[in-house]
Amino acid sequence: MNRNDTLAALRERPDIAVLVIGGGINGISVFRELALQGVDVLLVDKGDYCSGASAALSRMVHGGLRYLENGEFKLVRESLVERDRLLKNAPHYVAPLPTTVPIFDTFSGIANGAVRFLGLTRRPSRRGALVIKAGLTMYDLFTRARRLMPTHRFRGRAETLKTWPAINPDIRSSATYYDAWVSRPERLGLEMLFDAIASGHTARALNYTAVAASDDGLALTDTLTGEALPVRPKLIINATGGWIDLTNKAIGADAPRMMGGTKGSHLIVDNAELHDALGGHMVYYENEDGRICILFPYLGKVLIGSTDIRVDDPDQVRCEDDERSYILQSLAFVFPSIVIADDEIVFRFAGVRPLPASDDSFTGRIPRDHFCEFVEASGNLPATLCMIGGKWTTFRSFGEMAADMALERLGMKRNKSTEDLAIGGGRNFPADPAIWCTALATKHRLAVERAQQLFERYGTSAVDFAVPLAADEMLPQSDYSSGEIRRIIEREQVESLADIFLRRTTIAISGGLNLALIDAVLDILAASKGWDAAQAAAERSAFLGLLAHQHGIDLSDLSQTNDKRSALCA
Ligand SMILES: Cc1cc2nc3c(=O)[nH]c(=O)nc-3n(C[C@H](O)[C@H](O)[C@H](O)COP(=O)(O)OP(=O)(O)OC[C@H]3O[C@@H](n4cnc5c(N)ncnc54)[C@H](O)[C@@H]3O)c2cc1C
């Protein structure tokens, strides 16, 4: 069902069983759970799907080594189970990531850990080798029964410096263990959404649709046209992450404060020396102020983060200049000889961790676990189930928990589990991708390299993108084709350039944007939407404004630099 059909159906019949508000990874997860049980469920997001925290994560699929020192053993165990499920259910996007912790002390952290255990301090301290050893041993114990990846190992100073010659020479030793990373979290969320919609006739979803209280209950507003439509759910699920309190207020739910979100920012850096210095590992290190920072190779660039700052309004967050400096300073601590030039920062992004309300003075100590709470019905408003907290890694178990509570309220029973359910292009994943890609190339008359590229982007759904190159064309200064972008626009609920460049593809985050490409994609999008020249120009300038304001990309400067470079080359 396309957007117009969904809106038309709602105009005719505003009654639904469950309204999920929020199309981040957790909203999509509970939506999928309910759709699979045959529940009449509608998901709405005021923006695009996976445009909030679910596009701002550090892209780690992890147990959370750090949470062990907060005593969150249940969460770490659950996260490791979910991490391992994702390695199997979404192998096209989730992959093992060797992770190395540089160690500068042997004993430190032990006394502080004990004091913190007794509740005498919340202050972080440097973590020495023994504390790290204890954490990694526990990690290995939790995954012993499945053992999908190698156990941890330590390296002495000499071996560490030999393996990572650019690392801070004050290092004493290092520890390497395995976690995982997700290359395209936004696409994984979208694939799950489309899987859910395809699973029957009871699940519908609308992006760019806001919800608020109206005179006779609740109303949806199509933010693209301004049209308002009444909606009458039996149950609401508030899955709006950092916006939970604002949403409860907007729909008129009488709820206490639930959210105490913190902002985190990241940089994407295009520096070959740094990329190569990592040797394919994530470096998971402690900054001089005791905060954990990370950096790892990401789609040919390096992802570095993050910050942890309390915020009230998730709509206003972006990576500010002081955060950029903080992140670069932290990098200089671990790789002191590597200097990052301004124009090597190709993308910045920020989002709000949906943490439960807490008065803890150290944001790193706020619990990372998730839970659900009902706000009971009052007046015209049905009961609202609020999903509070939650990491990206645990979206499945969190969605399952919320769905079970919703099913109980609706008097329904679960008949399908998502534990072993492959997602999107992770279905029928080949044991040998090389053979699969060669077969795809032969069948669709593609170069093998192109088939491999499509497989890396879409997993086994690459089949849907396999347009013979003779009937397709590559877009300017890009390795995406016009056929690929057309298919994305036609089938993936695209409404703007930002949807394409920021969430349906990794073009922006991997530093691949340029004006020629934006204009070529705009032509395709405008033709598909029937936009006139003024609408297309407005879309172009809105997108360039967004890039400059939110992501630190000023393409007018870039185009001048490119022109200068071409002139020099000529
Ligand atoms: C800096 C940072 C780093 C992180 N790193 C990791 C990591 O490496 N690994 C990991 O597992 N987790 C990580 N996380 C946590 C993870 O990203 C989040 O927990 C997860 O994405 C939250 O998803 P969500 O669906 O609850 O919220 P969101 O993704 O924020 O979704 C909420 C949605 O609600 C919509 N919305 C808001 N108000 C309304 C309304 N009134 N009507 C309709 N829609 C509305 C928003 O538009 C948004 O799309 C990180 C988070 C941050 C911020």
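Quick check, is residue 63 in contact (Cβ under 8 Å) with a residue 24 or more places away in the chain, of a type outside the set (Lys, Arg) and in a helix (DSSP H, G or I)? So residue 63 does not fit the description; no.
Please state which one of 43, 75, 87, 68 is more than 7 Å from the ligand (Cβ to nearest atom), under 30 Å from residue 16 (Cα atoms) and not in a loop (DSSP other than H, G, I, E, B). Every option except 43 fails the conditions. Of everything in segment 384-409 that is open to solvent by 10 Å² or more (accessible area, probe 1.4 Å) and more than 30 Å from residue 264 (Cα to Cα), the residue that is nearest to the ligand (Cβ to nearest atom) is 405. Every listed requirement among (1) within 30 Å of residue 514 (Cα to Cα); (2) within 23 Å of the chain's Cα centre (by Cα); (3) assigned to a loop (DSSP other than H, G, I, E, B) is met by residue 326 save one, (3).
Criterion applied to 399, 379, 390 was being small (Gly, Ala, Ser) and either without any contact (Cβ under 8 Å) to a residue 60 or more places away in the chain or farther than 18 Å from residue 243 by Cα (or both), and the one residue passing it is 379. When residues in segment 27-37 are screened for being more than 9 Å from the ligand (Cβ to nearest atom) and in contact with a Gly (Cβ under 6 Å, 6 or more places away or on another chain), 2 of them pass. Per the listing 346, 375, the residue uniquely within 23 Å of residue 55 (Cα to Cα) and at pLDDT 95 or above is 346. Residue count for segment 274-321, restricted to those that are away from the ligand (no atom under 12 Å from the Cβ), buried (at least 18 other Cβ atoms within 10 Å of the Cβ) and either outside the structural domain of residue 336 (by TED's automatic domain parsing) or polar (S, T, N, Q) (or both): 0.
From the list 510, 481, 496, 541, the lone residue that is over 26 Å from residue 302 (Cα atoms), surrounded by 17 or more Cβ atoms within 10 Å (Cβ to Cβ) and hydroxyl-bearing (Ser, Thr, Tyr) is 496.
Residues considered: 240, 225. Of these, the only one that is among the polar types (S, T, N, Q) and within 21 Å of the chain's Cα centre (by Cα) is 240. May I ask you to verify whether residue 146 is open to solvent by 20 Å² or more (accessible area, probe 1.4 Å) and at pLDDT 90 or above? Yes: the conditions hold for residue 146.
Set side by side, the residues 54, 58 differ, and just one is within 6 Å of the ligand (Cβ to nearest atom), part of a loop (DSSP other than H, G, I, E, B) and polar (S, T, N, Q), which is 58.
The set of residues in segment 456-478 that are over 17 Å from residue 190 (Cα atoms), open to solvent by less than 30 Å² (accessible area, probe 1.4 Å) and modelled with pLDDT of 95 or more contains only 475. When the criteria are applied in full, residue 127 meets the requirement of being at pLDDT below 95, more than 30 Å from residue 428 (Cα to Cα) and surrounded by 22 or more Cβ atoms within 10 Å (Cβ to Cβ).
The values are calculated or read from the model by the stated rules, or taken from the named source; none is laboratory data. What you see is a predicted model; the values in this text were computed from it and never measured. Backbone-built Cβ (ideal geometry, glycine too); neighbour counts: all protein chains shown. Heads up: the accessible areas ignore ligands, DNA and RNA and are worked out on the full protein's heavy atoms, side chains in. Shrake-Rupley method; radii C 1.70, N 1.55, O 1.52, S 1.80 Å.
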